[in-house]
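The values are calculated or read from the model by the stated rules, or taken from the named source; none is laboratory data. Everything numeric in this text was worked out from a predicted model, so none of it was measured. So basically every Cβ, Gly included, is an ideal-geometry build from the backbone, and we count neighbours across all protein chains shown. Accessible surface is based on the protein model in full, side chains and every heavy atom, while ligands, DNA and RNA are left aside. Shrake-Rupley method; radii C 1.70, N 1.55, O 1.52, S 1.80 Å.
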Amino acid sequence: MTEWREHNYKSSIIWTGAGTQGTKSYLSYERDYEIHIEGKPSIKGSSDPMFRGNPDVHNPEDMFLASVSACHMLWFLHICSTNRILVSAYNDHAEGTMHEGEDGAGQFTSITLHPHATITHKADLHKAHDAHIEANKKCFIANSLNFPVHHNATFDCLGD
């Protein structure tokens, strides 16, 4: 049986889009907000532009997808470091699909990560692929979802 350790997180959100009329009507307010986490820079956010949000700042859907991608990356790098796989570069172009119902409720139904890593030794290629599989199993964010996160990993090798 797995013994669990508890980790707690706190954040605050402040709506900054009330203007002079607040929510008097659907068109009377902005969807802008700020996220505050003690000791860290604030993040400006809004709803997705298709929901009258500010296109110049992050929306919850963007941050959700980025959280899954970042969690996977951090686990991959950890697994590589403990298995002596030298990674010198990493990027990911994540894609997510959200479905919205007629009543406006919605949910993400799929996420596919497209991580690309540069490793030093071609001999580590198989181990690096396995590290992505393990990272997918370990990611805290992905494990909190009600659907699987897929990944299509690619690699560059600097040497033999």
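Of all residues in the range 34-50, which are closer than 18 Å to A18 by Cβ and at pLDDT 90 or above?
Across the range 34-50, the qualifying residues are E34, I35, H36, S42, K44, G45, S46.
Kindly evaluate T154 against the criterion of being in contact with a His (Cβ under 7 Å, 6 or more places away or on another chain) and surrounded by fewer than 18 Cβ atoms within 10 Å (Cβ to Cβ).
yes
Within the range 42-60, track down each residue that is open to solvent by 60 Å² or more (accessible area, probe 1.4 Å) and either of a type in the set (D, E) or touching a helix residue (DSSP H, G or I) at 6+ places or on another chain (Cβ under 7 Å) (or both).
The answer is P55, D56.
Can you name every residue in the range 61-102 that is open to solvent by 60 Å² or more (accessible area, probe 1.4 Å), within 16 Å of M50 (Cβ to Cβ) and in a loop (DSSP other than H, G, I, E, B)?
Answer for the range 61-102, where residues must be open to solvent by 60 Å² or more (accessible area, probe 1.4 Å), within 16 Å of M50 (Cβ to Cβ) and in a loop (DSSP other than H, G, I, E, B): just E102.
Condition check: outside any loop (DSSP other than H, G, I, E, B), of a type in the set (A, V, I, L, M) and either open to solvent by less than 100 Å² (accessible area, probe 1.4 Å) or touching a residue at least 60 places away in the same chain (Cβ under 8 Å) (or both). Does I13 satisfy that?
No, not satisfied.
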